[in-house]
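Input: a single structure, listed below in structure tokens.
The values are calculated or read from the model by the stated rules, or taken from the named source; none is laboratory data. Treat the numbers as computed from the prediction; the structure is a model and nothing was measured. Here the Cβ positions follow ideal geometry from the backbone for every residue, glycine too, while neighbour counts run over all protein chains shown. Please note that ligands, DNA and RNA were not included when accessible areas were found on the heavy atoms of the full protein model with its side chains. Shrake-Rupley method; radii C 1.70, N 1.55, O 1.52, S 1.80 Å.
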Amino acid sequence: MTLSRREFVQWLSASAALAGTAGCATTGTGGGAGRVVVVGGGYGGATAAKYLRKWSPDIEVTLVEREAQFVSCPISNLVLGGSKTIKDVTVSYDGLAKYGIRLVRENAVAVDPDKRTVRLANGEVLSYDRLILSPGIDFTLNEVPSLQAQGALEIVPHAWKAGPQTVLLRKQLESMRDGGLYAVCIPKAPYRCPPGPYERACQVAYYLKGAKPKSKVLILDANEDVVSKKGLFMAAWNGPYKGIVEYRPNSELTDVDVKTRTAKLQFGDVRADVLNVIPPHRAGDIAAQAGLVTANNRWCGVNWLSMESTARPGIHVLGDATLSASAMPKSGHMANQHGKLAAAAIIELLHGRQPDPQPVIANTCYSFIDDRNVVHVASVHGFDPAQKTLVVVKGSGGLSTEANSMEGDYAMAWARNIWADMLA
């Protein structure tokens with residue numbers, strides 16, 4: 001499958017025109033075409049809720065989100081580096097009100113696919129015609145048994161869900177002695193944000209280089225090699241962070257000694273002053289409860305024309321919880337694209353039509369080497385009818401040649417724009 005730059009731009013324009021036509025063709029105050037419940041207000045769920053109402057105001061949309069504000073995982077590593085605060089990556093949900101979305105701040109605890117209902121922690125039951133689950137990830141802590149103990153994650157944080165854990169890890173770094181060791185344990189792929197742990201190592205190294213120059217960063221990677229942007233990260237570790245960062249592949253974690261902050265590996269132990277363990281993860285709990293997990297007891301299979309679950313009709317799954325298509329990263333940008341793909345498909349289905357048979361979505365991922373210099377990777381994914389999945393469009397995408405400050409400006413503009421696209 002090939003797609004020229006001009007054809008891609010034309011496709012984007014055509015999609016916008018079709019979406020606008022769908023929205024203009026409907027009337028009423030909402031609910032006439034059906035009810036959609038969206039669980040999870042992250043990059044996927046918030047986007048889907050907004051675009052359902054924006055493109056088709058006759059659909060009633062309820063967004064269930066337990067957090068009071070959206071906190072972005074992308075850009076949050078800069079909190080660890082000290083150039084951003086958690087407030088800088090926090091965005092209000094208030095902007096969604098003008099689209100007529102009902103926002104319920106609560107935790108969804110159970111889905112009944114047969115009755116088409118969602119039960120909330122407060123006992124309220126929501127009925128739906130179509131359900132969107134964008135539950136993100138939960139951790140398989142049984143693979144790191146000691147982290148299941150009460151209080152363990154306050155001593156050995158993951159900081160892989162942006163928010164209090166991010167702030168906690170930053171405070172641990174600030175309290176670490178000069179000459180101390182920060183160690184980050186990376187799980188085997190697939191995991192949320194492939195380049196994220198390597199960016200984190202760079203951000204911690206950036207902070208330590210300026211504030212605690214005798215300190216070290218140790219990357220304990222369960223994978224055989226750097227899984228994303230290898231050359232660009234290696235250039236940083238062998239360049240500005242030479243002597244600070246050490247990378248060890250094939251370092252699979254078996255458990256931790258929480259009290260001593262010791263990583264127990266298959267081939268020896270490592271004791272750190274600050275131990276940051278990113279546990280293996282899977283689709284969020286609500287997806288498993290709903291019976292949507294279809295692969296390796298971890299991920300949810302979907303029909304890539306609509307994001308509808310292959311296990312349960314009427315339920316659409318977005319973002320990190322999905323069994324990714326080939327070469328498709330678990331990223332915030334990709335979840336945003338999933339949200340739009342699902343919204344467009346659900347509008348068609350609720351109006352008795354078939355979804356677009358040739359959807360095309362794109363991804364961009366920026367990684368900060370320090371507070372200004374950034375690298376990126378980008379890709380375009382189109383539906384292949386023969387394989388019945390999304391595949392990388394031949395000749396699309398690209399990778400930075402080196403870290404530079406111009407891409408730093410692009411990265412922050414990307415963040416502001418995508419947050420507005422979701423929530424404003």
### Query
Amide H to amide H under 5 Å from Lys84: which residues, 5+ apart in sequence or cross-chain, H placed 1.01 Å off N in plane?
Val79
## Note on the structure
Rounded to the nearest 5, the percent of antiparallel DSSP beta bridges in the range 97-252 equals 40
### Euclidean distance of C-alpha centroids, the range 260-288 and the range 101-144, integer Å
27
### Message
Compute the angle between helix 5-24 and the longest alpha-carbon principal axis of the chain, please, reported from 0 to 90 degrees and rounded to the nearest 10.
### Response
50
### Computed helical MRE - 222 nm, the chain, DSSP H runs ≥ 4 contributing -39500 (n - 2.57), nearest 500
-8500 deg cm²/dmol
### Task
Report the relative contact order of the chain, percent, no decimals, based on alpha-carbon pairs under 8 angstrom and at least 6 residues apart.
18
### Summary
Taking 0.36 nm per residue of separation between Ala235 and Tyr410 and subtracting their Cα-Cα distance, the length gained on full extension comes to 60.9 nm
### Summary
Non-local residues with an amide H under 5 Å from the amide H of Val393, with H modelled 1.01 Å from N and Pro and chain starts lacking one, are Val380, His381, Gly382
### the chain - charge dipole about Cα centre, Lys and Arg +1 at Cβ, Asp and Glu -1, debye rounded to 20
360
### Message
Tell me the accessible surface of Lys388 in square angstrom (1.4 angstrom probe, heavy atoms of protein chains only), to the nearest ten.
### Response
150
### Query
How would you rank 180-191, 242-253, highest first, on the average number of other Cβ atoms within 10 Å across their residues?
180-191, 242-253
### Degrees separating the helix 196-211 axis from the principal Cα axis of the chain, which is the longest one
40
## Note on the structure
About its Cα centre, the range 173-235 carries a charge dipole, from +1 on Lys and Arg Cβ atoms and -1 on Asp and Glu Cβ atoms, whose size in debye to the nearest 20 is 120
#### Entry: Under the Karplus curve 6.51 cos²θ - 1.76 cosθ + 1.60, θ = phi - 60°, whole-Hz ³J(HN,Hα) for the range 374-383, x wherever Gly or Pro sits
9, 10, 9, 9, 9, 7, 10, 10, x, 6
### Message
Compute the angle between helix 332-350 and the longest alpha-carbon principal axis of the chain, please, reported from 0 to 90 degrees and rounded to the nearest 10.
### Response
10
### Query
Taking θ as phi - 60°, what are the ³J(HN,Hα) couplings along the range 42-59 by the Karplus curve (6.51, -1.76, 1.60), each to the nearest whole Hz, with x for Gly and Pro?
x, 4, x, x, 4, 4, 4, 4, 4, 6, 4, 6, 5, 8, 8, x, 7, 9
### Task
For the chain, give the share of DSSP beta bridges that are antiparallel, in percent and rounded to the nearest 5; count only bridges with both residues there.
55
### Message
Highest mean first, how do 335-342, 260-267, 283-290 rank when packing is the count of other Cβ atoms within 10 Å averaged over residues?
### Response
335-342, 283-290, 260-267
### Message
Report for the range 259-330 the percent antiparallel among DSSP-assigned beta bridges with both residues inside it, nearest 5.
### Response
90
